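Peer 1: The structure that follows is given in the form of structure tokens.
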Amino acid sequence: MKNGRINPAILVIIAACLLYAVYNSVSILALGLFGETAVGTLTSYSTRIDDSRAPSNESRTVTKGYRFSVDGIEYKGHSTYKSDEAWPNLKEGERRIELISYLPFFPRVNKPSHIVDLGELGVAGVFHYVVTILGSVGLFWVLKRENRRK
């Protein structure tokens, strides 16, 4: 840190992380409020045990790849989240369906429906995403202000 300024590469990495946090939180809330649902097909599925003694919905990391169609156009997506879900991995040629939420005006923003269901998220989940948005924007603003001041 020469002259008290933050290295530009570090500044870009921090800004990218904060912007990703805002994008992810806004997309989950937008999908929960305005999303429509389509039936999708899983293209990949894997689950990994992280901690067998972890609290509910935190013992495994689940990764899903999927595809779905809207107005005859096929879209692909993937999602990684914490859960206790423990299906066996997909076998060659096996098909599983998954409900996918997407934004009708921009279907490239999509996630499995159970992740964005506001009823499942509850008040604490919605509060978490709102605080993440506000906190990330606030941190970005502080970072920008501090970098200009020095």
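The values are calculated or read from the model by the stated rules, or taken from the named source; none is laboratory data. Bear in mind the structure is a predicted one, so any value in this text is a computation, not a measurement. Glycine also receives a Cβ, built like all others from the backbone with ideal geometry; neighbour counts cover every protein chain displayed.
Peer 1: Looking at Asp50, Asp84, which one is surrounded by 13 or more Cβ atoms within 10 Å (Cβ to Cβ) and acidic (Asp, Glu)? Can you show your working first?
Peer 2: Working: Asp50 fails: surrounded by 13 or more Cβ atoms within 10 Å (Cβ to Cβ).
Of the residues listed, the single one that is surrounded by 13 or more Cβ atoms within 10 Å (Cβ to Cβ) and acidic (Asp, Glu) is Asp84.
Peer 1: Can you list the strands (runs of 3 or more DSSP E) found entirely within the stretch 29-125 that contain at least 3 residues being among the aliphatic types (A, V, I, L, M)?
Peer 2: 36-49, 97-103
Peer 1: Taking the stretch 31-46 as the search range and keeping residues that are touching a Pro at 6+ places or on another chain (Cβ under 9 Å) and in contact (Cβ under 8 Å) with a residue 60 or more places away in the chain, which one is surrounded by the most Cβ atoms within 10 Å (Cβ to Cβ)? Spell out the reasoning first.
Peer 2: Going through the stretch 31-46, the residues touching a Pro at 6+ places or on another chain (Cβ under 9 Å) turn out to be 34-36, 38, 40, 45.
Remaining after also requiring in contact (Cβ under 8 Å) with a residue 60 or more places away in the chain: 34-36, 38, 40.
On the way: Phe34: 12, Gly35: 23, Glu36: 14, Ala38: 17, Gly40: 25.
Per the criteria, the residue is Gly40.
Peer 1: Is there a residue being in contact (Cβ under 8 Å) with a residue 60 or more places away in the chain and hydroxyl-bearing (Ser, Thr, Tyr) anywhere in the stretch 75-93?
Peer 2: Taking every residue of the stretch 75-93 in turn, none turns out to be in contact (Cβ under 8 Å) with a residue 60 or more places away in the chain and hydroxyl-bearing (Ser, Thr, Tyr).
Peer 1: Given (1) farther than 21 Å from Leu29 by Cα; (2) touching a His at 6+ places or on another chain (Cβ under 7 Å); (3) of a type in the set (D, E, K, R), where does Asp84 come up short, assuming only one miss?
Peer 2: (2)
Peer 1: Another question, then. Can you tell me which residue is farthest from Trp87 (Cα to Cα) among those in the stretch 51-67 that are at pLDDT 90 or above and among the basic types (Lys, Arg)?
Peer 2: Out of the qualifying residues, it is Arg67.
Peer 1: Which pairs turn up if I take residues in the stretch 1-27 that are of a type in the set (D, E, K, R) and look for partners that are at pLDDT below 95 with beta carbon separation below 9 Å, at least 6 apart in sequence or on another chain?
Peer 2: Sorted first by the residue in the stretch 1-27, then by its partner, the pairs are Arg5/Leu11; Arg5/Asn147; Arg5/Lys150.
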